[in-house]
Every structure is written in C-alpha cells, then in structure tokens.
Ligand code: SF4
Ligand code: SF4
C-alpha cells in the first residue's frame with residue numbers, strides 16, 4: 001500500500017564493521033584532524049560546495065567512522081583553493097589535510 005512516504009534505512013553505524021586503521025594513519029601524519037569540532041564553517045564557505053556535493057566536515061566525520069568511500073565522495077569536487085583554511089576556527093590547515101587524505105585514501109584503494 002502506498003502511504004505517500006517510506007521509512008528511511010537505518011543510519012546505525014556498527015563500528016566493528018569498519019576499519020579505522022587508515023584514519024589512525026591519517027591522524028599520525030595530520031594530527032590536526034583530531035582538532036576538528038565539526039562546526040561546518042569550512043562547508044559553509046566552500047567554493048566547490050556551491051555547485052557540487054563537497055564538504056570537508058562530512059568527509060572528516062565519515063573518515064572517523066571508517067566510511068572511507070563516502071568520505072572521498074565529499075571531497076571529489078574540491079579545487080584545493082584553500083578558502084576553508086581561512087575560516088576554520090581551529091586553525092586547521094585544511095588544504096594540507098585534504099591533500100593528505102587524498103594521498104592516503106586514494107593510494108589505499
Ligand atoms: S579547499 Fe576544497 S573544501 Fe576547501 S573551500 Fe576550497 S574547494 Fe572547498
Ligand atoms: S571549519 Fe575546521 S573545525 Fe570546523 S568543521 Fe571545518 S575543519 Fe572542522
């Protein structure tokens with residue numbers, strides 16, 4: 001029967017199913033990733049985010065959960081302009097962080 005709506009799939013995350021080794025490697029190379037407080041300032045000001053699904057904030061959250069594939073989807077349109085670096089309240093060198101993420105995770109594919 002069509003009720004005009006459907007239930008969304010569960011968004012529950014089972015951390016036992018995900019491998020956080022790569023995130024730990026990233027944190028060793030870029031300890032700043034641990035300083036992120038998910039404020040979203042980077043996403044709100046993102047140049048690419050105006051035109052495509054691009055969000056450093058979401059990418060970091062996915063990486064923390066070991067959901068690498070989803071994380072990379074949120075960085076694909078990034079142009080490495082560095083604008084997010086200027087607004088990050090934690091002073092994270094976001095551009096450098098993004099480059100490290102792409103290097104580590106793309107090499108591991
Ligand atoms: S460096 Fe990438 S994530 Fe940061 S503002 Fe520029 S396009 Fe957006
Ligand atoms: S602006 Fe900085 S602290 Fe805020 S979500 Fe982006 S990277 Fe994290």
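Taking the residues in region 92-109 that are touching a helix residue (DSSP H, G or I) at 6+ places or on another chain (Cβ under 8 Å) and in a loop (DSSP other than H, G, I, E, B) as candidates, determine which candidate is surrounded by the fewest Cβ atoms within 10 Å (Cβ to Cβ).
108
Does at least one position in region 45-54 carry a residue that is at pLDDT 95 or above, within 17 Å of the chain's Cα centre (by Cα) and either within 16 Å of residue 67 (Cβ to Cβ) or more than 16 Å from ligand 1 (Cβ to nearest atom) (or both)?
Scanning region 45-54 turns up no residue that is at pLDDT 95 or above, within 17 Å of the chain's Cα centre (by Cα) and either within 16 Å of residue 67 (Cβ to Cβ) or more than 16 Å from ligand 1 (Cβ to nearest atom) (or both).
Results for (1) free of Cβ contacts under 8 Å to residues at least 60 places away in the same chain; (2) outside any loop (DSSP other than H, G, I, E, B); (3) within 14 Å of residue 104 (Cβ to Cβ), shown as yes or no for each residue.
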| position | (1), (2), (3) |
| --- | --- |
| 3 | yes, no, no |
| 7 | yes, no, no |
| 22 | no, yes, yes |
| 25 | no, yes, yes |
| 33 | no, yes, yes |
| 43 | yes, yes, no |
| 53 | yes, no, no |
| 58 | yes, yes, no |
| 70 | yes, yes, no |
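Name the residues in region 76-91 that are loosely packed, with under 15 Cβ neighbours inside 10 Å, in a loop (DSSP other than H, G, I, E, B) and more than 7 Å from ligand 1 (Cβ to nearest atom), would you?
Result: 76, 89, 90, 91.
The values are calculated or read from the model by the stated rules, or taken from the named source; none is laboratory data. The structure presented is a predicted model; accordingly, all values stated were derived computationally and were not measured. Virtual Cβ from ideal backbone geometry, glycine too; neighbours counted across all protein chains shown.
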